[in-house]
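Encoded as structure tokens, the structure appears first; notes follow it.
The values are calculated or read from the model by the stated rules, or taken from the named source; none is laboratory data. What you see is a predicted model; the values in this text were computed from it and never measured. A quick note on method: Cβ atoms are made from the backbone with ideal geometry, for glycine too, and the neighbour counts reach across all protein chains shown. These area figures cover heavy atoms from the full protein model, side chains too; ligands, DNA and RNA do not enter into them. Shrake-Rupley method; radii C 1.70, N 1.55, O 1.52, S 1.80 Å.
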Amino acid sequence: MGKWRTHIELIAAILSGILIVIAYILETQSIELWSVITYLAAFGIGGYAKAKYGIRKTIEHRKPNVELLMVLAAVGASIIGYWTEGAILIFIFSLSGALETYTMNKSRKEVSALMEIQPEEAWLLKDGNTSRVSVSALHVGDALVVKPGERIPADGKLLRGHTVVDESSISGESIPVSKNAADELFASTVNLSGAITMEMTKPNSETLVQKIIDLVQSAHSEKPPSQQFVERFEGQYVNVALIVFALLLFVPHYLFGWSWDTTFYRAILFLVVASPCALVASIMPATLAAISNGAKSGIIFKGGVHLENLGAIRAIAFDKTGTITRGRPEVTDFSLREDLDADSMMAIIAGIEMQSNHPLAKAITDFIQEKGIEPLKNLQITDVPGNGLKSIFEGEEIRIGKPDFVDINDAEAFQGGVLNRWADEGKTVTFVRDSKGIAAAISLKDTVRDDAKATIKKLQKMGIYCIMLTGDNKKTAKAIAEESGLDAYIGSCMPGDKVEELRKLLDRHQYVAMIGDGINDAPALAIATTGIAMGEGTDVALETADVILMKNDLSRIAYSIRLARRMQRIIKQNIVFSIAVIIMLLILNFMQSITIPFGVIGHEGSTILVILNGLRMLNRNI
């Protein structure tokens, strides 16, 4: 129903514009009656929603608003015979209202997107039997069975079994986490390998993913300071304008001796020239042009307010995985024992690893195959949960996995201590062992994007503080921060921690952007002044964010900020100019030095000029 109403409002605005053109043509052909009828139709169709809203809000709040002033200005213009000006005023506000409604409806989708990742059913273990039940029927202390590939239905702890869990929806970490008995499990994360039994430790209302939903809802309910200022300004403007209009209807007659015709004429002219048509045009055309410019440049803005906020940004918080980094592990170092044939050993390693679905195993297999080496076929492997893989090749046992799995002392001593060196660089190290000892060491890392360092440097030159907030450990966070040139970093951040860090940044810098791509980034994206999502991110991040960078192009961040700042300059120029024109026309009206035609020319002329100035935002040479 909300989408349908949005379409009706937009269709009404467009139809109103078409009727205005038809009415003007009829007026130029001296077909007065049909011209007036067509203008009235344009008034009714285009102005219905705004008039209804203005009257309803006036009654509810017991004070007039801008919508009511616009309607009165349009009616006043038609009373003195200027139908075209009144109808155009109605058209501008009906179109802006339709766009505003559309944007607001779009912003409501993020919570429904969050809800979609929550499992609806679970396997309840009771008296040795499992049964499929609704998640809402579960209670703290229930034993649950989670099969491979299923989402974990509740927050809890592992009772029996071992598995690897994809926790990227919660921590943002791309590398799955091994889970053993007593380890903590989170609702909506994915069980990748073995079947497990877990105990539910928190009610559904207190799960980590539910807290993420609550944080998003809370953040969107808070009005930014700029919105509160605009609302206060609008209310004051309407009150002053209506009071002055009421006074002009009779005060000049008694105070200056004007005739009643002159008094009424000047009061209506005041209502026409004082209507903030040029003020409205100062913002909307420039904003729409900037949004169009951004769309052509791979940047999607969800509304003009986000462009305005982006222009004031003084700090940017980056997520790591999928934002600064590529979001998938890649082999960065491969060290073999000197006595081995590299191609033969790599073929064995690839033959073992290709039979695992673990992301690290896939990265190693891809690395070897990219060198043109074919994996050995039909190797028999044994999966050792939480440690790695082992296989027998030509009577010799080959082990691939963690340092502890291949003997931690041998792993630390291999090649002069590569384990500690690579670990200090934030890399994950996998070892290969044969009958003679450690055969190979392989380091993997979620690598920094090619454009990340250059983008951060540009932002810093613009006076923007750059910080990374990540769920990764501090050692990995430090390595990525140093490589990309960030000003600061904070590791081991859960979703709630990111929100708290964002609040601190907001207190310090006032205007802060957050860039991320995962479900775990949604609360931070919502609480930030401007939330920016990577185009290949999760649906939740895309719905929650205010700005979307298509094709994951980080270089577009600096461009979008330059675009926003230029838009702010143009809007300020337009506002100053339009206010100056209104003041000049009001003075001339009071001095009886201007007539209605010249008042309309000055009023509408200033509107056209600010629109043309705003359309300069279409120029992509920012």
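Things worth noting here:
- DSSP bridge analysis restricted to the chain gives an antiparallel fraction near 75%, rounded to the nearest 5.
- Largest first, the residues 343, 553 sort by 1.4 Å accessible area into 343, 553.
- Above-threshold pairs, the threshold being 27 Å between Cα atoms, out of 302/504; 126/157; 302/498; 296/445; 147/320; 461/572: 296/445; 147/320
- Cα-centre dipole for the chain with unit charges at Cβ (Lys and Arg positive, Asp and Glu negative), debye to 20: 2420
- Applying a DSSP loop filter and a limit of 10 other Cβ atoms within 10 Å to the GluC sites (Glu not before Pro) in segment 305-404 leaves 338, 394.
- When Cα extents along the principal axes in Å is calculated for this entry, the matching label among (1) 113, 57, 45; (2) 121, 65, 39; (3) 156, 84, 45 is (1).
- For the chain, the per residue solvent-accessible surface stands at 47 Å², with DNA, RNA and ligands left out and a 1.4 Å probe.
- Relative contact order of the chain, defined on C-alpha pairs under 8 angstrom at six or more residues apart (%): 15
- Accessible surface of the chain [probe 1.4 Å, protein heavy atoms]: carbon and sulfur percent: 58
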